[in-house]
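Report on one structure; see the data block that follows.
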Amino acid sequence: MKELLLTALLGIGVLVLDILNLKKYVLPFILLALATLVGFIAADWGTVETPFGQTMLVYENGANLALGVFAVVLFFWFILSSSYFKQHEGKTDLYALVVFSFCGAGLLASFGNMAMLFLGVEILSIPVYVLAASKKHDLASNESGFKYFILGSVASAILLFGITLVYGATGSFDLAVISNFIQDEKDASIIMNVGITMILVGFLFKISAAPFHIWTPDVYQGAPTWITAFMSTIVKAAAMVALFKLFTGPFQFYVEANGYTIGVIAAVTLIASNTAALWQTDVKRMLAYSSISHAGFLLSTIIGNASLLSLLFYLLTYSIAGIIAFGVIKETQTIGENPLKGLYRRNGVLAFAFTAALLSMAGIPPFSGFIAKYFVIAQLIEAKYFALVVVMIITSAIGAFYYLRASLNVYQHIENAGRIVLTPLVKWTYILLTALLVLLTVAAGYMHNL
Amino acid sequence: MLTLALLFIPAFFGLMMFLSSDLSKKLAWVGSLLNAAVAIGAAVAVSYGKTEMLEFDGGNIAPLGAHFALSINATSILMVLLNACLLPFIVHVASKHEMRNESAFLSLILFMSSAMMGAFLANDSFLFYICYEAALVPIYFIILQWSTAENKSKIVLKFFVYTLFASLFMLFSLLYVRQFADSFLISDMIAAGSKLSQHEQVWVFAGFFIAFAVKIPIFPFHTWQPNTYKAAPTAGTMLLAAVMLKMATYGLLRITMPMVPAGAANADWAMWLCVISIIYASFVALNQTSFKLLIAYSSIAHVGMIALGILANGNTAYEGALIEMVSHGAIAVGLFFIADMIESRVGHDHFNKLGGLREKHPAFAFLFFVIVMASVALPVTSGFVGEFLLLQSVGSHNIVMALLAGLTVVFGAVYMLRAFQSTMLGKHNTELAFAEMTASEKMVLTILVIITIAIGVYPGMLLDVVHKGLQLTGI
């Protein structure tokens with residue numbers, strides 16, 4: 001409960017600081033609050049808390065851990081993005097929107113009721129529509145925000161329709177009641193199945209899985225880069241956690257009946273995104289397709305009987321790599337044509353961090369992206385989805401090709417490279433995050449102790 | 001504990017170099033020499049039958065189903081020795097040339113050595129896979145940052161994606177067998193794999209073979225190799241040729257052959273590929289004028305022979321393969337060292353533009369000659385022992401294969417001696433300013449020559465360690 005209060009109050013607090021003309025303390029204030037949040041989670045470890053009645057929100061270990069992962073990623077996101085927002089006149093507004101969106105992510109980690117699920121999805125998405133369009137004088141940014149808003153609202157509507165249909169079939173929004181209902185009934189009605197399918201479709205849109213992924217490249221490319229980083233990491237991760245909670249919880253019967261279909265969706269997502277990414281010349285667009293391809297892996301966790309822990313591990317490694325990659329793109333954005341070319345001459349730390357992030361996304365040991373993918377693949381093999389595993393392996397190789405091609409560009413030799421100067425805090429954060437990509441591989445071995 | 005030390009000494013010193021770049025050269029020397037000393041200590045421990053220090057198991061890592069388990073045993077001891085003892089030579093070559101950002105270069109070399117050491121020490125197939133792949137990352141940076149080749153990005157991209165893609169087949173094979181095994185421990189995997197039906201074993205074997213065939217490399221999977229060898233800075237080429245590809249032959253010997261014996265017994269197709277590879281590479285080598293490319297192709301022929309011998313699975317193949325792996329490592333380092341000496345003096349490595357160096361540099365000519373002789377497997381050199389044992393076991397499997405593969409010795413003599421002649425003999429090219437060998441160069445080549453001859457004259461030195469290890473720990 002206090003986690004939710006803290007995040008909501010944090011958003012308001014940021015706005016208050018603006019009114020009090022204390023803008024320069026905003027960032028330390030947010031970082032301190034996020035650190036406190038992680039502290040709360042650590043203090044609450046092992047307890048179960050259910051505020052607002054029995055099942056509206058359920059704070060158990062899984063929910064707390066997911067919230068902790070989001071908070072950690074957001075913490076680093078704020079540090080790295082600080083130089084961008086420093087110049088932005090409306091920085092506190094944007095910060096507040098990000099924090100509100102994070103609040104929605106918190107709801108999605110802990111919901112126990114369909115109403116809370118919908119609230120979470122909306123609180124998560126609506127600030128992001130605004131954020132995507134926050135470069136007011138940039139046409140691409142406006143287009144991105146508008147597209148995201150229109151398509152996102154349709155997806156939300158479909159999700160809501162699905163929720164009502166499930167309500168119609170079971171008579172409750174409560175996940176526990178729905179679970180019991182399904183267990184008693186054994187045979188799910190058509191309304192129930194249609195409802196769940198619509199919920200799935202809504203989420204496939206949110207995590208940008210095929211065939212609802214078409215919006216992703218345009219929106220990611222047009223939005224301000226740091227907002228893209230936020231969308232592709234925390235927004236996506238929150239939606240995925242909610243999807244996972246639903247489909248390995250009350251809707252598990254649906255996955256058991258339609259596992260093959262979901263496997264095909266995952267495979268199509270992987271093939272469509274990786275083949276499209278091959279032809280991209282714009283790195284941001286390529287990363288958008290790579291984000292879609294990760295959705296394919298994420299989606300397969302629900303058919304492979306994966307644990308929440310392995311999903312969160314995937315989300316954490318992917319998010320860290322994501323904010324590094326988008327951060328580096330942002331740092332180089334002011335350099336005209338082909339900005340990443342010869343980056344190592346401009347700044348060695350950025351070049352190395354970028355390569356490490358891409359190698360991790362490609363799933364190459366010793367970076368933790370490999371272990372994350374391994375967890376997914378191992379569980380799929382146990383569940384006998386061999387064809388999907390073969391698709392994953394082949395598309396991973398395609399992925400390695402375009403990730404490496406992008407990172408090779410960084411090491412091209414150029415003349416007269418202007419240096420990119422980072423503040424020590426940002427520089428060491430990049431180094432720390434890169435080190436984390438390796439250290440998480442080691443940490444994976446101790447995950448079962450949690 | 002020795003195993004842990006071997007694994008982490010290079011990585012630790014590599015990390016230290018990042019932090020204090022002024023001391024990088026000294027740190028690299030201390031780290032590599034210390035590691036070599038520990039490896040020799042481990043070999044002595046094995047030959048005296050002390051194995052307490054040589055096993056390490058960090059316990060089951062439940063979420064992965066794998067162990068952080070290291071061991072030094074009969075098969076790995078020679079590879080560990082090879083990797084650890086060649087490292088000082090490679091550090092020497094690396095620090096010989098002036099280059100920018102030297103500390104990063106040296107630390108990447110140590111990291112790579114550490115990763116390869118992990119592959120040789122791994123007692124768990126998952127750990128083996130991770131180290132096998134992790135070794136790619138440092139060499140990727142080494143080539144990218146310090147290569148002088150024009151199209152290095154293209155070369156390194158091909159190399160990386162090619163080997164990575166092939167390795168995924170190995171991962172698939174490992175995961176398939178893992179379903180039936182208690183853990184990823186190599187012993188468990190062997191127990192599970194050998195119980196599979198013959199049909200399954202053939203497929204699992206194929207997965208492994210594709211992964212290793214790219215790394216070794218074997219025709220038609222070799223196309224990445226010559227360009228990569230030529231493009232990489234010499235220290236990187238040495239790592240690739242002398243040690244990295246041994247991970248593949250070692251994996252074949254240590255994991256694949258025992259794990260899927262029925263699959264390996266039905267692998268005549270793979271053996272024929274090796275034979276084609278040997279003959280093809282020899283023919284291509286005949287037409288090379290670039291010394292580095294010549295060594296690269298001759299390397300394909302030699303390692304093709306190692307793979308062929310391992311697949312033949314005869315009594316002597318095991319010993320022959322191990323000896324030849326060590327010998328090929330030492331000879332490859334020697335040849336690339338010579339290529340580097342020539343290239344850094346005259347600016348290219350086309351031996352047909354050289355000539356008559358022997359008149360002015362008799363010592364260089366002599367050392368070069370011995371290493372060339374070892375490469376063409378003349379008796380009393382290490383090359384002879386290995387190739388002889390390998391050919392013997394291939395012959396007992398299929399005499400036609402042995403005859404065809406034996407041609408490599410003839411071809412090898414032709415192209416290596418031709419290269420030697422056109423550099424060293426004939427009329428002295430007076431325009432050529434060829435500086436004297438430095439004392440350190442002389443020392444490096446002398447040590448390598450001593451090693452090759454010592455193994456050639458008394459291979460028992462190494463084989464005793466292997467036999468002792470076999471008695472103590474099995475394969």
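Where a number appears in this text, it was derived from the coordinates with a stated rule and is not lab data. Since the model is a prediction, treat every value here as computed from it, not as a measurement. Here the Cβ positions follow ideal geometry from the backbone for every residue, glycine too, while neighbour counts run over all protein chains shown.
If amide hydrogens are placed 1.01 Å from N in the peptide plane, which non-local residues have theirs closer than 5 Å to the one on residue B:68?
B:58, B:59, B:61
Relative contact order of chain B, please, whole-number percent, based on alpha carbon pairs below 8 angstrom and at least 6 residues apart.
In percent, rounded to a whole number, it is 16.
With r as the distance between the Cβ atoms of residue A:20 and residue A:214 and R0 = 35 Å, compute the FRET efficiency 1/(1 + (r/R0)^6) and round to 0.05.
Numbers: r = 44 Å, r/R0 = 1.26.
Approximately 0.20, to the nearest 0.05.
Filter chain A for me: DSSP H helices, axial length by Cα at least 30 angstrom, mean Kyte-Doolittle hydropathy not below -1.0. List them by residue number. Let's see the in-between values first.
Values: long enough: A:61-86 (36 Å, 1.36); A:139-170 (46 Å, 1.15); A:252-278 (37 Å, 1.00); A:308-331 (34 Å, 1.71); A:386-410 (36 Å, 1.72).
Correct list, ordered by number: A:61-86, A:139-170, A:252-278, A:308-331, A:386-410.
Taking θ as phi - 60°, what are the ³J(HN,Hα) couplings along the stretch B:250-258 by the Karplus curve (6.51, -1.76, 1.60), each to the nearest whole Hz, with x for Gly and Pro?
Running phi through 6.51 cos²θ - 1.76 cosθ + 1.60 with θ = phi - 60° gives 5, x, 4, 6, 7, 9, 5, 4, x Hz.
Counting pairwise Cα distances across the protein assembly as shown, what percent come out greater than 49 angstrom?
Taking all Cα-Cα pairs of the protein assembly as shown, the fraction more than 49 Å apart is 27 percent.
Let me have the relative contact order for the stretch A:2-449, percent, based on Cα pairs under 8 Å that are six or more residues apart.
Reported relative contact order: 14 percent.
Quickly estimate the mean residue ellipticity at 222 nm for the protein assembly as shown, helices only: each DSSP H run with n ≥ 4 gives -39500 (n - 2.57), and the total goes over all residues, rounded to 500.
Computed ellipticity for the protein assembly as shown at 222 nm equals -24500 deg cm²/dmol.
Helix B:74-96 versus the longest principal axis of chain B: what angle, 0 to 90°, nearest 10, using Cα atoms?
Approximately 30 degrees, to the nearest 10.
Which loop-located chymotrypsin sites (Phe, Trp or Tyr not before Pro) does the stretch A:184-269 contain, where loop means any DSSP state but H, G, I, E or B and the Cβ has at most 14 other Cβ atoms within 10 Å?
Here no chymotrypsin sites (Phe, Trp or Tyr not before Pro) fit, given the DSSP loop and packing criteria.
Kindly identify the stretch B:267-475 as rounded, prolate or oblate by the Cα gyration tensor criterion: order the square roots of the eigenvalues as a ≥ b ≥ c, call it rounded if a/c is under 1.5, otherwise compare a/b with b/c, prolate if a/b is larger, else oblate.
oblate
Take chain B, mark every one of the GluC sites (Glu not before Pro) that falls in a DSSP loop and has at most 15 other Cβ within 10 Å, then report the longest stretch left between them, sites excluded. Numbers along the way, then the final one.
Working: sites that count: B:98, B:150, B:431, B:436.
Longest run free of exposed loop sites: B:151-430.
May I ask for the angle, rounded to the nearest 10°, between helix B:439-457 and the longest principal axis of chain B, with both axes built from Cα atoms and the value confined to 0 to 90°?
So the inclination is approximately 50 degrees.
Once amide H atoms are placed 1.01 Å from N in the peptide plane, what residues at a sequence separation of 5 or more from residue B:350, or on another chain, have their amide H within under 5 Å of its amide H?
Excluding prolines and chain starts, which carry no amide H, the hits are B:291.
What is the packing order of peptides A:401-409, B:332-340, B:449-457, taking the mean over residues of other C-beta atoms within 10 Å and listing the highest first?
B:332-340, A:401-409, B:449-457
Could you give the nm distance between label points at residue A:86 and residue B:154, where each point is 7 Å from its Cα heading toward the beta carbon?
4.3 nm
Take the alpha carbon atoms of the stretch B:280-295, find their center, do the same for the stretch A:25-96, and report the distance between the two centers in whole angstrom.
Here the two parts' Cα centres lie 62 Å apart.
If the only charges are +1 at each Lys and Arg Cβ and -1 at each Asp and Glu Cβ, what is the size of the charge dipole of the protein assembly as shown around the Cα centre, to the nearest 20 debye?
Around 1920 debye, computed over the protein assembly as shown.
With only Lys, Arg, Asp and Glu charged, each at its Cβ (+1 for the first two, -1 for the last two), find how big the charge dipole of the stretch B:267-475 is about the Cα centre; round to the nearest 20 debye.
The calculated dipole for the stretch B:267-475 is roughly 340 debye.
Show the residues, 5+ positions off or on another chain, whose built amide H is closer than 5 Å to the amide H of residue A:174.
Amide H neighbours of residue A:174: A:114.
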